[in-house]
Amino acid sequence: MPKRSENGLSRRGFLKGVGAAGALGAAGAAAMTSTQGWLKPIAADAAADERVAYTYHHSHCGGMCPLKCTVRGGRLAMIQPNDICEDRYRTICLKGISEIQHIYGDKRIQTPLKRVGERGEGKFVSVSWDEALDEIVDQIKRIQAESGKGSVMVTSGAEADVPFLAPVLGARGGGNPGIDVGIGNGLDPATGMGAGYAMSAPEARDWTKSKLVLTVGSNYCESSLPSARLFFEAKEAGARMVTVDPHFSTTAGKSHEWVPIEPGTDAALFLGMITHILESGLADTAFMANHTSLPFLVNAETGALLKDREPSIDPEKKAPVPGQLDLFYVIDGSGSVVRADKAATTVLSGSAEVDGVRARTVFDLLKETQKQYSVEWASRITGIPADKIRELAELYAAGPSSLCLGWGGNDKMSNADIAGHAAAVLTAITGNIGKEGAGVGVYVGASYGGYAATLGSWALPETLAAGEADVPMYDLRYKENSVRAHIAVGDKLAQCMANMSKSEEWARSLDLIVTADPYFTEAAKWADYVLPLTSRFEYDEEIGNIASGYSHIVMQQKVIDPLFEARTDLWLTREIAKRMGVEDALPKTSLERAQAVLGTSEDPYVSSLTVEKLADNQGMWPCEGIAEVRRVAMDRTFPTLSGRMDVYYESLVEDAQELPQWEPCSEATWDNPDRERFPFQLINVRSRFRIHNQFNDAEWLQQFYEPTLNANPADLAAYGLKTGDVAEVFNDRGSFKVRVSGNEAVRPGSVRMIEGATADYTVEGNMQSVTNDEFIARGSKLMCGPVIPFSDTLVAIKKA
């Protein structure tokens with residue numbers, strides 16, 4: 001056993017484990033752990049050993065910026081936007097630039113580590129790759145022999161690509177994690193798009209055709225930095241930019257108008273706007289009649305939609321076939337009840353007797369339920385003046401309007417699905433979708449809203465397949481399940497789970513935890529083995545992976561050799577596969593994988609492209625048709641059961657949410673008795689300095705931001721705090737300590753932090769120690785399960 005240092009990390013582990021400043025890791029890493037002494041030469045003219053290579057950046061933020069990287073003396077020396085593409089795609093942000101230091105930073109995992117202390121203590125010794133992998137695979141085999149293949153869970157992240165690992169092990173995936181799904185849970189069933197993440201919007205380039213761009217619960221100008229220029233192009237084109245946000249965000253500051261709102265009340269705003277539009281005759285009657293489910297007949301007693309038969313099911317997808325308009329009944333222009341596909345004209349209001357069943361239209365039900373949601377009611381709930389709600393409703397209805405939603409705002413509140421559902425109804429009654437300048441959903445992340453190539457893949461034998469998750473990830477800590485081992489790429493523990501003490505309890509219950517990541521994160525402290533992976537700048541072959549992002553096919557080329565003892569995703573998977581006896585099923589080289597990704601595509605545009613052509617074009621190839629703005633549902637056909645906007649949610653009749661009904665959030669309300677003890681709502685927001693908890697360790701970014709609790713100066717003064725003080729932030733779930741800063745942009749009664757603050761970067765403790773993990777009762781019926789209401793959290797603060 002190596003000699004242990006006082007902090008519990010052996011000297012061997014300290015030197016080779018995490019890239020502590022001044023430590024010498026593997027050969028060739030010397031002097032890479034500090035930026036001192038090499039910045040100046042980089043600014044000099046090209047040297048003889050200088051070369052350029054191309055790669056792409058993170059997918060977590062949706063940017064996937066194409067990067068041109070200059071290497072000098074074997075070291076990454078300069079990062080610029082790839083200049084082979086059209087100007088608008090030549091982007092890079094602070095996070096991308098900071099990689100020059102970040103990949104050599106002191107949180108870089110330099111060698112495989114094995115835990116020697118208690119889980120969470122962060123005590124490790126370095127071990128060889130063979131020792132780590134032999135022991136890991138032996139334990140996986142034992143656990144699976146005892147409890148089945150599904151007892152091992154593999155979760156992936158944007159930090160690295162390990163697509164084959166779960167199939168190689170026959171392991172289950174994570175299932176729905178419960179993050180970023182708040183708005184999509186309510187919006188996406190209506191549009192049939194977005195996959196539960198509200199990614200149903202057209203490109204933000206479409207905003208130049210909008211009269212109104214209404215941003216609610218999103219900070220586009222900061223969390224979508226590479227494409228922020230689109231915001232200003234729309235503004236210059238004449239779109240009115242209005243941002244609704246509890247706080248004066250960066251986007252609010254760049255908008256024509258900021259409308260402050262009480263946190264967690266976005267649904268009430270939309271409900272008030274719906275009422276005003278309906279009562280004022282501003283709705284798009286033709287769109288409602290021909291492209292939505294509002295004319296469909298509903299059993300007045302049970303709330304069930306009248307159907308001609310049971311829906312047809314796609315046997316492969318095990319889901320209803322979209323576009324079955326002939327299932328539903330409507331009242332036609334003559335007053336007769338007919339199948340919707342047979343109606344030449346359709347009325348929105350009316351009732352009928354069908355086979356002894358009294359039925360009425362969804363539209364009439366909507367009008368009835370909306371009676372309780374007057375503009376004045378919405379004003380009381382949201383704090384927005386009634387006249388402003390009317391003005392927003394009239395501007396939005398006049399259109400064309402774009403409604404920009406989540407992430408980083410109301411989507412992290414427990415009632416976010418109602419806001420998403422109400423947004424769907426608001427869109428449906430105004431027809432603000434399927435035409436130029438109109439859309440609804442998440443616009444952040446240029447690669448999410450842009451064109452996507454249909455890539456192929458390396459085909460694994462049928463005997464190698466990942467299993468289904470018996471319990472989704474969001475429920476693992478609460479429901480009995482088969483998981484005994486967790487193999488994780490990325491920081492799931494601190495990023496995806498609220499209430500850290502429960503996460504720690506769950507981690508202690510597992511037999512095996514393995515973290516594979518370029519960087520030592522909070523979750524790594526809880527691992528039994530920590531494996532160093534390469535960043536997107538390092539590879540052991542000339543070609544790494546190929547992906548679709550930012551409306552291009554992008555290639556990862558080797559910029560530099562793997563640092564320290566880091567290994568690539570494919571190397572790791574092949575080594576595990578070798579120990580499982582299935583190595584031959586995997587590509588022998590990354591080049592083989594890249595050739596399969598292009599060559600097996602079903603799209604001739606993609607399959608005709610070769611690795612060589614892509615490499616010759618600086619690792620970028622435009623997706624077909626990107627000269628035109630990508631828009632959605634322009635034929636007014638939606639991939640829903642009826643083929644229309646299905647705004648009536650039959651599955652939620654028992655929950656009284658078949659149409660959106662107001663419900664306050666679960667914790668951060670003013671009438672919550674706990675508010676006397678915990679007077680502040682803690683909101684997690686997104687930032688230009690981070691994506692989730694990645695880049696916490698980037699020293700260049702730390703110059704501009706350290707985890708800080710922002711609060712209104714008046715609130716700080718009331719608790720005897722001033723900017724720069726350290727405060728303890730606490731509730732019954734836990735606490736952490738952090739510096740505070742007075743900021744008049746923060747709404748009184750709320751405190752604000754950038755998400756993902758972990759213990760190594762606060763004064764003490766994890767932000768997730770206090771966050772809310774309570775699920776709503778209807779959560780399991782929602783499209784992606786319940787959202788984890790990170791921002792539906794009340795806390796108290798005191799001087800530490």
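The values are calculated or read from the model by the stated rules, or taken from the named source; none is laboratory data. This structure is a prediction, so every number in the text was calculated from the model and none was measured. We place every Cβ from the backbone using ideal geometry, glycine too, and count neighbours over all the protein chains shown. Areas reflect the complete protein model, heavy atoms only, side chains present, ligands, DNA and RNA absent. Shrake-Rupley method; radii C 1.70, N 1.55, O 1.52, S 1.80 Å.
Structural remarks
- Residue in the stretch 166-183 that is surrounded by fewer than 20 Cβ atoms within 10 Å (Cβ to Cβ) and of a type in the set (A, V, I, L, M) present: no
- Note on the stretch 611-642: among residues that are acidic (Asp, Glu) and part of a helix (DSSP H, G or I), the one that is farthest from Asp326 (Cα to Cα) is Asp616.
- Condition met for Ala237 (farther than 30 Å from Thr589 by Cα, touching a Cys at 6+ places or on another chain (Cβ under 9 Å) and among the aliphatic types (A, V, I, L, M)): no
- Members of the stretch 267-288 that are open to solvent by 10 Å² or more (accessible area, probe 1.4 Å) and in contact (Cβ under 8 Å) with a residue 12 or more places away in the chain: His276, Leu278, Ser280, Leu282, Ala283, Asp284, Thr285, Ala286
- Of all residues making up the stretch 387-408, the number that are of a type in the set (Gly, Ala, Ser), open to solvent by less than 10 Å² (accessible area, probe 1.4 Å) and under 15 Å from Pro246 (Cα atoms): 1
- Contact annotation: residue pairs with Cβ atoms under 7 Å, 6 or more positions apart or on different chains, pairing a residue in the stretch 377-400 that is basic (Lys, Arg) with a partner that is open to solvent by less than 50 Å² (accessible area, probe 1.4 Å), are Lys388/Val259; Arg390/His276; Arg390/Val375.
- Looking across the stretch 729-746, the residues that are surrounded by 17 or more Cβ atoms within 10 Å (Cβ to Cβ) and out of contact with any Gly (no Cβ under 9 Å at 6 or more places or on another chain) come down to Phe730, Asn731, Arg733, Gly742, Asn743, Val746.
- Inter-residue pairs, beta-carbon under 6 Å, first at pLDDT below 95 and assigned to a strand (DSSP E or B) and in the stretch 704-718, second surrounded by 17 or more Cβ atoms within 10 Å (Cβ to Cβ) and among the β-branched types (Val, Ile, Thr), 6+ apart: none
- The lone exception for Gly724 - which of (1) of a type in the set (Gly, Ala, Ser); (2) surrounded by fewer than 17 Cβ atoms within 10 Å (Cβ to Cβ); (3) touching a helix residue (DSSP H, G or I) at 6+ places or on another chain (Cβ under 7 Å); (4) at positive phi it fails: (3)
- Extreme residue, farthest from the chain's Cα centre (by Cα), among residues of the stretch 411-468 that are surrounded by 24 or more Cβ atoms within 10 Å (Cβ to Cβ) and of a type in the set (D, E, K, R): Asp417
- Qualifying residues in the stretch 251-266 (those that are touching a residue at least 60 places away in the same chain (Cβ under 8 Å) and of a type in the set (Val, Ile, Thr)) - the one farthest from Lys211 (Cα to Cα): Thr265
- Among the strands (runs of 3 or more DSSP E) confined to the stretch 509-563, the ones with at least 1 residues that are open to solvent by 10 Å² or more (accessible area, probe 1.4 Å) and under 27 Å from Thr91 (Cβ atoms) are located at 543-549, 552-557.
- Test: residue in the stretch 486-504 that is open to solvent by 20 Å² or more (accessible area, probe 1.4 Å), assigned to a loop (DSSP other than H, G, I, E, B) and of a type in the set (Lys, Arg): no
- Members of the stretch 690-721 that are open to solvent by 20 Å² or more (accessible area, probe 1.4 Å) and among the aromatic types (Phe, Trp, Tyr): Trp700, Phe704, Tyr705, Tyr719
- Scanning the stretch 683-703 for residues that are among the polar types (S, T, N, Q), within 20 Å of Ile100 (Cβ to Cβ) and not in a loop (DSSP other than H, G, I, E, B) returns Gln694, Gln702.
- Residue that is nearest to Leu570 (Cα to Cα), among those in the stretch 544-554 that are among the hydrophobic types (A, V, I, L, M, F, W, C) and in contact with a Phe, Trp or Tyr (Cβ under 7 Å, 6 or more places away or on another chain): Ala547
- So Asp355, is it farther than 15 Å from Ile429 by Cβ and either among the charged types (D, E, K, R) or open to solvent by less than 30 Å² (accessible area, probe 1.4 Å) (or both): yes
- Ala378, sole failed condition from (1) closer than 30 Å to Ala300 by Cα; (2) surrounded by fewer than 18 Cβ atoms within 10 Å (Cβ to Cβ): (2)
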